[in-house]
Amino acid sequence: MMIAALKLFRVAVPLKKVVRHASFERSGSENLVVRVELAGGQVGYGEGVPRPYVTGETIESTFGVLAAHDWARRIGRPADFREVVQRLEALRLPETEADPRGRAGNAARCALELAILDAFGRRFGESAGRTIDLATIEGLQRYPAPRPVRYSGAITSESPLGEWRTALKIRLYGFHQVKVKVGTRGQDDARRLRALRWILGRRMDLRLDANEAWSAAELVERVEPLRRFGPTALEQPVPHAEVESLAAIRGRLGIPVMLDESLCGLPDAEAAVARRTADLFNVRLSKCGGILASLRIIALAQRSGLGVQLGCHPGETALLSAAGRHLASRVAGLRYVEGSYDRHILAANLTRQDLTFGYGGWARALDGPGLGVDVDPAALEAITVGSQEFRYD
């Protein structure tokens, strides 16, 4: 059994509301969807979210990366699902290998990997989540069996009334963790956090995400008035160009520092450990190259005594939500988990199943073959703005 065809979809995913932070503002998300068809007729789907300001990728560049290789030849004819995982573990993209940060092609690789796991998972009757069990990665902490996942809430930069409403919903909905975007131009973060903390209550685990908003020179001054609200982490406070400054500043902030835009590939993770620029890593499947590449980064963090957040990109559809669910239900020790916001943020989705978390942010582990969700072809067609297909002899 081998890959017979590959089809790439450029999809425009509409959001229910504008998502705003210090680096960007968006009302929609342009995503890559990959469809893998096997010679036996089984079909699988995967997704990547190229962000030029994160990994340097665009939809055009992801199409170029995936068009440059014969995936039927490179994946070959695996005899079972274990061999599928082994071949994906060994798969290296020359584009990524040539990038000192290991980030080039990551969204493309993620979409391809998920589609392959989905297709071959259906072929062999295996869940894509078995990838975590079968991966040969040193030091990765795994649960003995899949567990329910508890997600955290998020408050983006909105009007005061909008933020207060969101905070009240998060508290009433029983969340135990929330992330608040800070550093947006024109906003008084100390005043915002005072109101939000009052609404959320003192027991809520509250963390901050600055999205590269501040320079290293002003960082301590900017963070000082926010410490009294008890944040448990500060995500990407400085631009990547200044990330090495965190080695000297981090200890003065009084808040653990998490890397995001500065953590796109394994070389980024290794540099952060060696230079001591972080307390936590924010690992996102699309940004980091898929499940297997993300597991390598998570295992490095766990071996190095660092915390891990499994993050997501605003605008991910249920395909990436499913992949994240599989990982979060099987990898132990994750400090925070983001994702499965589907119904709350997306105006259109791709699957027949709704993966939105329930009360308290809780969601069940997924079962069934492949990713455990079924793409609705009509829903995919409705948001597709371009496509390209490759058939292999």
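Here are the numbers for the structure shown:
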| read-out | value |
| --- | --- |
| So residue 184, is it in the same structural domain as residue 314 (by TED's automatic domain parsing), within 19 Å of the chain's Cα centre (by Cα) and at pLDDT below 95 | no |
| Residue match in the range 333-344 (condition: farther than 23 Å from residue 209 by Cβ and either of a type in the set (Gly, Ala, Ser) or not assigned by TED's automatic domain parsing to the domain that holds residue 50 (or both)) | no |
| Residue in the range 350-358 that is more than 30 Å from residue 171 (Cα to Cα) and within 17 Å of the chain's Cα centre (by Cα) present | no |
| Considering residues of the range 93-119 that are touching a Cys at 6+ places or on another chain (Cβ under 9 Å) and part of a helix (DSSP H, G or I) only, the residue farthest from residue 318 (Cα to Cα) | 106 |
| Top-ranked residue in the range 36-49 [being assigned to a strand (DSSP E or B) and within 17 Å of residue 321 (Cα to Cα); ranked as nearest to the chain's Cα centre (by Cα)] | 48 |
| Hits in the range 75-92 - residues which are free of Cβ contacts under 8 Å to residues at least 24 places away in the same chain, within 22 Å of residue 45 (Cβ to Cβ) and not in a helix (DSSP H, G or I) | 91 |
| Odd one out for residue 57, checked against (1) part of a loop (DSSP other than H, G, I, E, B); (2) within 14 Å of residue 113 (Cβ to Cβ); (3) without any contact (Cβ under 8 Å) to a residue 60 or more places away in the chain; (4) in contact with a Lys or Arg (Cβ under 9 Å, 6 or more places away or on another chain) | (2) |
| Among residues of the range 295-310, those that are within 10 Å of residue 281 (Cβ to Cβ), in contact (Cβ under 8 Å) with a residue 40 or more places away in the chain, of a type in the set (Gly, Ala, Ser) and not in a strand (DSSP E or B), counted | 0 |
| Pairs with Cβ under 6 Å, 6+ apart, first in the range 255-278 and within 18 Å of residue 312 (Cα to Cα) and not assigned by TED's automatic domain parsing to the domain that holds residue 229, second outside any loop (DSSP other than H, G, I, E, B) and basic (Lys, Arg) | none |
| Single match in 142, 123, 109 (criterion: closer than 17 Å to residue 299 by Cβ and either charged (D, E, K, R) or in contact with a Gly (Cβ under 8 Å, 6 or more places away or on another chain) (or both)) | 142 |
| Residue in the range 297-315 that is surrounded by 22 or more Cβ atoms within 10 Å (Cβ to Cβ), at pLDDT 95 or above and charged (D, E, K, R) present | no |
| Flag for residue 153 being touching a helix residue (DSSP H, G or I) at 6+ places or on another chain (Cβ under 6 Å), in the same structural domain as residue 195 (by TED's automatic domain parsing) and either among the acidic types (Asp, Glu) or under 24 Å from residue 336 (Cα atoms) (or both) | yes |
| Matching option when the condition is out of contact with any Cys (no Cβ under 7 Å at 6 or more places or on another chain), of a type in the set (A, V, I, L, M, F, W, C) and in a helix (DSSP H, G or I), among 223, 238 | 223 |
| Qualifying residue in the range 76-87 (condition: farther than 18 Å from residue 114 by Cβ and basic (Lys, Arg)) | yes |
| Residues within the range 163-220 that are under 22 Å from residue 250 (Cβ atoms), among the small types (Gly, Ala, Ser), in contact (Cβ under 8 Å) with a residue 24 or more places away in the chain and in a helix (DSSP H, G or I), tallied | 2 |
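Residue-wise test of (1) farther than 25 Å from residue 143 by Cα; (2) in the same structural domain as residue 103 (by TED's automatic domain parsing); (3) buried (at least 21 other Cβ atoms within 10 Å of the Cβ).
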| site | (1), (2), (3) |
| --- | --- |
| 202 | yes, no, no |
| 223 | yes, no, yes |
| 226 | yes, no, yes |
| 243 | yes, no, yes |
| 292 | no, no, yes |
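Condition check ((1) over 19 Å from the mean Cα position of the chain (by Cα); (2) surrounded by 24 or more Cβ atoms within 10 Å (Cβ to Cβ)) across all residues:
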position: 99; (1), (2): yes, no
position: 106; (1), (2): no, yes
position: 117; (1), (2): no, yes
position: 133; (1), (2): yes, no
position: 137; (1), (2): yes, no
position: 140; (1), (2): no, no
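The values are calculated or read from the model by the stated rules, or taken from the named source; none is laboratory data. From a predicted model like this one, the values you see are computed outputs, not experimental measurements. FYI the Cβ positions are ideal-geometry reconstructions off the backbone, even for glycines, and counts take in every protein chain you see.
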